[in-house]
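A short worksheet on the structure shown next.
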Amino acid sequence: MAMCVFSTAGEPLGFVVESFIFDSEGVPLGWILGSHVHRLDGSYVGEWHQQMVVERRPGPPGPPHSVRPLTAPARRPAPAQFYRRAPVEDYRQYQDAFSRLHDPVPTDLESV
């Protein structure tokens, strides 16, 4: 069963099946490893928090290391219906990072 991925403003952006993140068209973008979100090439994107991909919370300096790349899963049909959830002020304390799943791969990240 798919779970929606939301922006910090409550907009549906995609969905998660197992630990893979897909955009709203069903294109695989990345995966969740613990609380870390990575692109399929293994580069770090952000943190998984309250069904959102957000900038890293305060912690040790520097981004987490990249991890091994994964083979992209097959496209998945999007859920029949996406819904919008009301923005909750608490969620706005985090910067939205979902768009980083679409960004070009950064070259300054260390690899495993």
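For this structure, a couple of remarks:
- Electrostatic dipole magnitude of the stretch 3-101 [Cβ: Lys, Arg +1; Asp, Glu -1; Cα centre; debye, to 20]: 140
- FRET efficiency, 1/(1 + (r/R0)^6) with R0 30 Å, evaluated for GLU25 and ALA86 via beta carbons: 0.75
- Rh by Kirkwood over Cα pairs, then Stokes-Einstein D for the stretch 3-101 at 1.306 mPa s and 10 °C, µm²/s: 116
None of the figures in this text is laboratory data; all of them are computed from the coordinates on show. Just so you know, these numbers come straight off a predicted model, no measurement behind them. A quick note on method: Cβ atoms are made from the backbone with ideal geometry, for glycine too, and the neighbour counts reach across all protein chains shown.
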